[in-house]
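Undergrad: My questions all concern the structure below.
The values are calculated or read from the model by the stated rules, or taken from the named source; none is laboratory data. As the structure is a computational prediction, the values presented were derived from the model and not from experiment. Cβ: placed from backbone, ideal geometry, glycine included. Neighbour counts: every protein chain shown. These accessible areas exclude ligands, DNA and RNA; they are computed on the full protein's heavy atoms, side chains included. Shrake-Rupley method; radii C 1.70, N 1.55, O 1.52, S 1.80 Å.
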Amino acid sequence: MSAATTPTVRGRLTLRGEPGYEEARVGRVFNARKPDRYPAAVLEVADAEDVVAGVHLAIERGWSLSVRSGGHSWAAWSVRDEALLLDLGALRSLSYDEGTGIVSAGPATMGALELAPFLAERGRAFPGGHCATVGIGGYLLQGGQGWNGRAKGWACESVVAVDVVTAEGEHVRADAEQNADLYWAARGAGPGFPGIVTRFHLQTYPEPEVMWHDTWTFRLDDAEAVIHWLHDVLPRLDRRVEPVMAATRLPEVPLYDGVEHPGGTVLLLHATCMADSAEEARDLLAGLGECPVAGSELGHVTGPTTMAQESVAQMDQNPDGYRYAVDCAWTNAPAETLAPLLLDIWRELDTEHSFSIWYGWAPTRELPDMAFSVEGNVYVATYLIYPDAEDDARYRARVHDRTAAIARDGGVGVYLGDTDFTARQDRFLSPEHYARLEEIRARRDPAGRIAGYLCKDREGLNIHA
Ligand SMILES: Cc1cc2nc3c(=O)[nH]c(=O)nc-3n(C[C@H](O)[C@H](O)[C@H](O)COP(=O)(O)OP(=O)(O)OC[C@H]3O[C@@H](n4cnc5c(N)ncnc54)[C@H](O)[C@@H]3O)c2cc1C
């Protein structure tokens, strides 16, 4: 069957075995480590009505349903055996309402590459993902850890409504007043959301006057001292400051004149903030206080930056065309526990692009009532990035084993965005919210048509080891 004989579908429908199937299956998957999973068919939708038609087609054929917006899920959640894969790549139109400051965006819109410039032209901003090409669909459904996130909260907190095609093929609006269960789930359920979002309605904010950065390069040998210092200042740090330390092997790091890169892995502390003036930004960053190894750093630069510049740096660190093995953990462990575990990972980084981050999050408030419900003092995420398939098993085992060690000693769970539950599972929702979500899923999708969480052990899902 093809689109020509399926009048209800305007987009391109490609069945398994037909020409173009392989490209439709994995061509838009960011991770070059493509999965061995084979959907029955892929529907590259033309518009939101096609999503409705796709759901009815799946019901008719007895297929399950999987969804792709930006294709950036590390584990390629969109690629599921025997499913109809709804590829929403065409749904990326944007409209803005000046009266409310609400932007409406298709789910395949890229946060930093498309949404941010569209809003900047209107003097507005939204906490989009750090990496420019991430689709807002998967990003917002799982929470959304974006620029200025410590101040603005999880990006999903700024979702005011979603347009959803249900598992029965009905197109509905979900917000605080109507279909409130779907609205609750859309903010944190990630791939467990029991519907297909065709449009997000997002509260935007005035664009900050300045974005500033304070960037230090340290030797790996100074990691213990630097981690202790960061844990010490983190609770007092203004929430407009985002402190991220990356163990990285990229050569392009700040170095003082005459200082040579020592080779191998160095530590890049990159603190950013958004503020009303340069003076305020400098004051906020001064909150980092005195670095205990100041004087032995390899380089230090501070000054204005822009989202566009930051996006370029993110793309350099996360190149496409490579294989990725990724894992993460939220941890409340003190510095003396965490530092040696981090060093176990950081000392082993051995490819040009691989990196691992310590991200000071330090939550200080109760989250609003939404599915998203697990966060901790520090976010640790490791990205092993390599070109060859023969290294898959080795790097996957390494990233998940090392992260499991962090999870065991002070870990409180994971952020869905950097997980691969086919390898390591952990808690991503509070037990209460997980139970509530399961109840919503059973009611909204009783046939279990939407593929949901991709995992190795369904019974062990959301359990903290
Ligand atoms: C290079 C890179 C950088 C990243 N940086 C960040 C970051 O800074 N912050 C952060 O929070 N995350 C980040 N991530 C993680 C990323 O946000 C998640 O992988 C997210 O799921 C990607 O969304 P997507 O739409 O591009 O992915 P997809 O693979 O298209 O979607 C993932 C899954 O989400 C569900 N889904 C997506 N869209 C819909 C929809 N419209 N309706 C229903 N279900 C849907 C489906 O289950 C789908 O399979 C990064 C990922 C990469 C590859």
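Undergrad: I'd like the accessible area for SER95, computed on protein heavy atoms only with a 1.4 Å probe and all protein chains in place. Round to 10 Å², please.
TA: Rounded to the nearest 10, that gives 50 Å².
Undergrad: Shifting gears a bit: Would you mind calculating the gained length between ASP350 and ASP221 on full extension (0.36 nm times residue separation, minus the Cα-Cα distance), in nm to one decimal?
TA: In short, 44.8 nm is gained.
Undergrad: Give, in nm to one decimal, the length gained when the segment between ASP276 and VAL301 is fully stretched (0.36 nm per residue of separation minus the Cα-Cα distance).
TA: My answer for the length gained is 6.9 nm.
Undergrad: Based on alpha-carbon positions alone, could you give the equivalent ellipsoid semi-axes of the range 308-465 from the gyration tensor, as √(5λ), descending, whole Å?
TA: Largest first, the range 308-465 gives 27, 20, 16 Å.
Undergrad: What does a probe at GLU22 reach in the range 304-327, counting residues whose amide N is under 18 Å from the point 7 Å along Cα→Cβ?
TA: Residues passing the 18 Å test: 321-323.
Undergrad: In the range 94-207, if the dipole is taken from +1 on Lys/Arg beta carbons and -1 on Asp/Glu beta carbons about the Cα centre, which of GLN145, ILE102, TYR205 is farthest to the positive end?
TA: GLN145
Undergrad: Here's something else I'd like to know. Starting from the Cα gyration tensor of the range 90-154, take the square roots of the eigenvalues, sort them a ≥ b ≥ c, and report rounded, prolate or oblate (rounded when a/c is under 1.5, otherwise prolate if a/b is larger than b/c, else oblate).
TA: oblate
Undergrad: Another question about this same structure. Which shape class, rounded, prolate or oblate, goes with the range 94-207 when its Cα gyration tensor gives a ≥ b ≥ c as root eigenvalues, a/c under 1.5 marks rounded, and past that a/b bigger than b/c marks prolate?
TA: Prolate shape, in that a/c is at least 1.5 and a/b is the bigger ratio.
Undergrad: Please report Rg (one decimal) and Dmax (integer) in Å for the Cα set of the chain.
TA: Rg, Dmax (Cα atoms, Å): 21.9, 71.
Undergrad: Oh, and also: Can you pull a Stokes-Einstein diffusion coefficient for the range 210-418 at 37 °C (0.692 mPa s), Rh from Kirkwood over Cα pairs, as a whole number of µm²/s?
TA: Rounded, D is 184 µm²/s.
Undergrad: May I ask for log10 I(q)/I(0) of the range 3-87 at q = 0.12, 0.21 Å⁻¹, from a Debye sum over the Cα atoms as equal point scatterers with solvent left out?
TA: Here log10 of I(q) over I(0) equals -0.30, -0.93.
Undergrad: To the nearest 0.05, what FRET efficiency results for VAL233 and GLU168 with a Förster distance of 35 Å applied to their C-beta separation?
TA: Between VAL233 and GLU168 the formula returns 0.10.
Undergrad: Note down the Stokes-Einstein diffusion coefficient of the range 330-401 in µm²/s, whole number, using a Kirkwood radius over alpha carbon pairs, 4 °C, and 1.567 mPa s.
TA: Rounded to a whole number, D works out at 91 µm²/s.
Undergrad: Hey, what did the range 210-418 get for relative contact order, percent, Cα under 8 Å, at least 6 apart?
TA: Relative contact order for the range 210-418 comes out at 28 percent.
Undergrad: Would you work out the relative contact order for the range 3-87, in percent, from Cα pairs under 8 angstrom that are 6 or more residues apart?
TA: Value for the range 3-87: 36 percent.
Undergrad: Also, I was wondering about something else. Rounded to the nearest 500, what is the chain's calculated 222 nm mean residue ellipticity when only DSSP H runs of at least 4 contribute -39500 (n - 2.57) each, over all residues?
TA: Value at 222 nm, helices only, nearest 500: -7500 deg cm²/dmol.
Undergrad: Applying the Karplus parametrisation 6.51 cos²θ - 1.76 cosθ + 1.60 with θ = phi - 60° to the phi angles of the range 102-111, what ³J(HN,Hα) value in whole Hz is obtained for each residue in order, glycine and proline being reported as x?
TA: Rounded to whole hertz, the list is 9, 9, 10, 9, x, x, 8, 4, 8, x.
Undergrad: Need one number: nm distance between label points at ASP320 and THR364, each 7 Å from Cα along Cα→Cβ, rounded to one decimal.
TA: Computed distance between label sites ASP320 and THR364 equals 3.9 nm.
Undergrad: Bin by bin, in steps of 5 Å, what percent of the Cα pairs in the range 205-313 do you find, going until the bin that has the longest distance?
TA: Answer for the range 205-313: a P(r) of 2, 12, 23, 23, 19, 14, 5, 2, 0 percent.
Undergrad: Ok, one more. Which peptide among 186-197, 284-295 comes first, and what is the full order, when sorted by highest mean count of other Cβ atoms within 10 Å?
TA: Ranked from most to least packed, the peptides come out as 186-197, 284-295.
Undergrad: Which order do you get for SER64, SER354, SER93 if you rank them by accessible area with a 1.4 Å probe, largest at the top?
TA: Ranked from most to least accessible, the order is SER93, SER64, SER354.
Undergrad: How large is ³J(HN,Hα) for each residue in the range 458-465, as worked out from phi by the Karplus curve 6.51 cos²θ - 1.76 cosθ + 1.60 (θ = phi - 60°), to whole Hz, x for Gly and Pro?
TA: Working through the residues one at a time gives 4, 5, x, 5, 6, 10, 7, 6 Hz.
Undergrad: Applying 1/(1 + (r/R0)^6) with R0 = 22 Å to the Cβ-Cβ distance of ASP36 and ARG458, what FRET efficiency is obtained, to the nearest 0.05?
TA: 0.70
Undergrad: Please calculate how many Å² of accessible area the chain carries per residue, with a 1.4 Å probe and no DNA, RNA or ligand atoms counted.
TA: With all protein chains present, the chain gives 39 Å² per residue.
Undergrad: If you count, for each residue, the other Cβ atoms within 10 Å and average over each peptide, how do 122-130, 250-258, 404-412 line up from highest to lowest?
TA: Ranked from most to least packed, the peptides come out as 122-130, 404-412, 250-258.
Undergrad: What full-extension length gain, to one decimal in nm, is calculated for LEU15 and ASN332 as 0.36 nm per residue of separation minus the Cα-Cα distance?
TA: Value of the extension gain: 109.4 nm.
Undergrad: Got the relative contact order for the chain handy, in percent, Cα pairs under 8 Å and 6 or more residues apart?
TA: 15
Undergrad: Round to a whole angstrom and tell me the spacing of the C-alpha centers of the range 193-229 and the range 323-355.
TA: 18
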